[in-house]
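Report on one structure; see the data block that follows.
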Amino acid sequence: MYQVTIKDAAGADVGTVGLDPKQLGEKVRTRLLQEACVRFEANQRVGTHCTKTRKDLISYSNRKPWRQKGTGRARAGTRRSPIWRKGGTIFGPKPRDYSYAMPRKARRRAVQSALLSKFRDNEVIVLDKLALASPKTKEMAKVLKSLGVTASVLIVTPQHDEAIWKSARNIPGVEVSALANLNAYQVLHQKQLLLARETLDTLIATFGEAAKEDGAGEAPAEAAAPAEERKPARAPRRKAGTGDAATEKPAARKPATAQRPAAKKKPKTGEEG
C-alpha cells in the first residue's frame, strides 16, 4: 500500500490517501512501457523527408558530357549520375508514414504501469483542490513553488480546463493534460505528477482494475432462457446398420424410375450394303 500526502495550495498537509498496487496492475511492466513510448514517438513523426534521385534533377541536362571514346576520360552518360558530385541520391528517404497501432488493452496496461511507477517512486503530488478563477501564470507559479515543485511536472485535470492550461503553458517544464488524453509517454516524460483529490478518484475509476472487474463500459450478459423454453438436445444421427435392429429405421428406398423404351433399329437397305 502506497501512502500519498494530500496538500493544500499553500503546501500544508491536510491528510493522506492510500493506493493499493493491485488497482494499477500490481507491477511495472518495463517492456510494455518501452513499446508504448517508441510507438508514441513514431506517431509524432511527420515523415516529410524527401531526396532527389537522378530523374528528379531536372536542372541538369541529360545529354552526354563527352563522347564515349577518344578523350582519355572515364565513360559518362549524364551529369545526374549518383557517382558524380551534386548528382542524384541512391535509395534516399522518401515521404512515408511511421505511425502504427497498438492493442487497446496493451495501451491501458502501459498507462497503469506508468502511473504505478510514479506512486512507487514517490513522485505524485495530490492537492485537495485545484481550481483557478481566471488564467493567471503568477498564481500557478506560486502554487507550484509552495508545493516544492522543482523539476518538470505533469498536471492532470478531469476535463480540459482552459484557466489551468493557459496559466501553466508559459512555465518551463510544466505540461497540462486532460484525463481522457493521458498516455504512458506523458506520464514518464515529466518528473512529477500533480493532480487533485477528485482527479485521483476518477483516475483510479478509469484505469484501475476495479473498474475492469465491475464490467464498467461493457454490455451486460444476456439472461439465460428458462428451463421450459429451452429446446431439448437432439440425439446424434446413426449410420444405417450400426444401431439396434429393433430401433433402427429401415433405409429409405429410392423411387423406381420409369425405363425408356428401346429405340427401334432402322432396317438396312440395299444401298447401305
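Observations on the model:
- Test: residue 143 is within 25 Å of residue 13 (Cα to Cα), in contact with a strand residue (DSSP E or B) (Cβ under 7 Å, 6 or more places away or on another chain) and in the same structural domain as residue 110 (by TED's automatic domain parsing): no
- When the residues of the range 1-19 are filtered to those that are among the hydroxyl-bearing types (Ser, Thr, Tyr) and surrounded by fewer than 15 Cβ atoms within 10 Å (Cβ to Cβ), the one that is farthest from residue 192 (Cα to Cα) is 16.
- Failed criterion for residue 83 (all others in (1) hydrophobic (A, V, I, L, M, F, W, C); (2) crowded, with 16+ Cβ neighbours inside 10 Å; (3) farther than 24 Å from residue 45 by Cα hold): (2)
- Qualifying residue in the range 45-68 (condition: assigned to a helix (DSSP H, G or I) and surrounded by 14 or more Cβ atoms within 10 Å (Cβ to Cβ)): no
- Being of a type in the set (A, V, I, L, M), at pLDDT 85 or above and more than 22 Å from the chain's Cα centre (by Cα) is true of residue 174.
- Within the range 22-44, the residues that satisfy the criterion of being assigned to a helix (DSSP H, G or I) and loosely packed, with under 15 Cβ neighbours inside 10 Å are 22, 30, 31, 34, 38, 41, 42, 43, 44.
- The residue of the range 86-120 that is nearest to residue 3 (Cα to Cα), among those that are surrounded by 15 or more Cβ atoms within 10 Å (Cβ to Cβ) and among the polar types (S, T, N, Q), is 117.
Residue by residue, here is whether (1) in contact with a Leu (Cβ under 7 Å, 6 or more places away or on another chain); (2) at pLDDT below 85; (3) closer than 19 Å to residue 19 by Cα; (4) surrounded by 15 or more Cβ atoms within 10 Å (Cβ to Cβ) holds:
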| site | (1), (2), (3), (4) |
| --- | --- |
| 124 | yes, no, yes, yes |
| 147 | no, no, no, yes |
| 150 | no, yes, no, no |
| 210 | no, yes, yes, no |
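- Some residue of the range 61-74 being more than 30 Å from residue 199 (Cα to Cα), of a type in the set (Phe, Trp, Tyr) and in contact (Cβ under 8 Å) with a residue 12 or more places away in the chain: no
The values are calculated or read from the model by the stated rules, or taken from the named source; none is laboratory data. Please read these numbers as outputs of a predicted model, since none were measured by experiment. Note: ideal-geometry Cβ built from the backbone for every residue, glycine included; neighbour counts use all protein chains shown.
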